[in-house]
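Every number here is computed from the coordinates shown, using simple stated rules; none is lab data. Just so we're clear, the structure is a prediction, and the values are computed from it rather than from any experiment. Every residue, glycine among them, receives a Cβ derived from its backbone with ideal geometry; neighbour counts consider all protein chains shown.
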Amino acid sequence: MKDLVITVKTLFGFEELLKDELNELGYDKVEVLNRAVQLNGNWEDVYRLNYRCRLAISVLVKVHSFNIYKEEDLYKAAKKIDWTAYFDVNKTFAVKGAVFSTIFTHTQYPFLVVKDAIADVFREKCDDVRPDVNLKSPQVMFDVYIKERNVVISLNTSGVPLFQRGYRQEVGDAPMNEVLAAGILRMSGWDRKSTLIDPMCGSGTIAIEAALWAADIPAMIERSHFAFKNFKSFDAEAWERVKAEGNSRPVKLGFDILASDIDGEMVKKARRNSRMAPIGNMVTWDIKDALELEAPDDKGIMICNPPYGERMGEEVEELYTAMGDLFKQKFLGYDCWVVSSNIDALKNIGLRPSRKIKVFNGNLECSLRQFQVFAGSKKYDNSEDEADGITPKPRGVRREKRKKVERAVEEQVNEETTLQSDVQSESQSESRSEKKEYNPTRRVIETPAADKPRKSAASKYGQAKSAYLPVEDELQSEKESENEEKEYNPTRKVIETPAAEPRKSAASKYGQAKSAYLPVDSSTKEKVEKEVSTSASSEEVEETPVKAKKEEKEPRLGAAKYGSTPKFMAAAEADKKEESKREETKEEEKTEDNVIEVNSSFEGDSDNAQEDEMTLKDKIAEMKKMRKGE
């Protein structure tokens, strides 16, 4: 298989960098894809890309591509492939990939379909024997990529991702991806001839990757396992030729790669990792606070991976501010690069970044920013200041503008003129003591204070319905006067109506209020009182047993309005009255027949009117007795 379609996957934003790296390795025809590049080659090229690429995550070789229209089409097409030509039945395998299609409702289901197709093909060709599946550490891995109807099945020749170099044995709490470190080194424009500083090295990933790149040592020199070694097509001789390429020993660089950290334990881990890589003493490790560093040369590259404050739970705003001061004061002439996912903290550096690049460190979206620190301001030349006799200020401190002296003189002249005008205006301002202060930024409109407090709807009736408005005696006196003027409300039209007389019930015309809510008419009450006074002497003789029975009826609740004692307050007195009334009724039983004949002579409405009138008399008599008793 000499004409293979090879796809090299990488991180987001690293496609052009990977293309440049492949051009350095001698591959000119490279097509840029999304997070990948594609080229043609043979199996030896596959081995070289796995061994030499620093920005590659995995190297895929295309097996077959086809279109599908339903789920069953995937199984039918996958079963047509001769899987036994790629690996033996005694090897473990796994199927992984990515699915972007509406045909499948579950993204993992296509991988199971391809796995079943591979197993069924082996059963048919290997006497019902099939290879085992190992998802954690498979010997052979297949990649399935589905985008709508198009399906591409490839061999993953790398196995585990290529950022696992093999030299990093110990890591810290927030390690950096090796591929990301190699990409940042390329983005920084480091020429591999100048000083490189990593003030917060952690486990030493950036410094080790820089040393391997500067010495032209293959990135995978310490990695022993690759998935392509388990294929039937593996060529051991071609693999040995690839391994012979490049350098395998440390070299003398002629410049410094400085790595330090404030944590001594992390520096120990970084040194152990560097011993696993063939870089020898190419990196200088030191335990030191990053904020106390001094620039060893006039120019160089600084790459800093400070704490993000997300995974480690630290307050980092002050640290980023101190880093900005360090760049401005100690590292003039350097290109300082900072990578972080904390965008707010990056703003505290206090410098305008020259470049902003979006990168990913694992699942964290980060921003890689370049801060170019110049010895003097871009707008002004220090040589002109020295020629004019002005002592130049220390480098890194923002200079004042050259016209500052001229402006100071102009300000002094303006102050003298303003003083003269102020003296003239003082005399005028003293005569106008009541003059209000003028504020040019705000216009103040004065309104006269109200003579009277605001009245509520109830205040004009002499009673404050609201707790916020007091009752005034003047309003009460105005209300009592007959000639009180009505309040005029321009927003509401008030129509006055005469007060309606109280409604009379059917019984009020007979001088008795049947309803407790309706008062007794005064004229009716006076008429009744006159009749009672004329017939007071013959009241006892005219009493009848029938009226006595009506008299026994207790007044209703609410009768206290007419002077009678309520039932719930005079229970004992009612019992005594009933006993006395029973004795009186016994004595009057003898004359009962005569009384009935007399009463029968009355007819129609006169009988009812007399009963009502006598009943009202009885009520008035009781009211008088109660008042006398009180």
Between their Cα atoms, which of K79/K147; K252/K330; K19/K299; K29/K115; K577/K617 are more than 22 Å away from each other?
-> K252/K330; K19/K299; K29/K115
Restricting to Cα pairs under 8 Å and 6 or more apart, the percent relative contact order of segment 114-163 works out to 23 percent
Could you line up L326, L112 from fewest to most neighbouring Cβ atoms inside 10 Å?
-> L112, L326
Rounded to whole Å and ordered largest first, report the semi-axes of the equivalent ellipsoid of segment 35-91 derived from its Cα gyration tensor (root of 5λ).
-> 28, 17, 10
Which of Y334, Y109, Y69 comes first, and how do the rest follow, when ranked by fewest Cβ neighbours within 10 Å?
-> Y69, Y109, Y334
What does the charge dipole of segment 4-156 about its Cα centre add up to, to the nearest 20 debye, if the Cβ of each Lys and Arg holds +1 and the Cβ of each Asp and Glu holds -1?
-> 220 debye
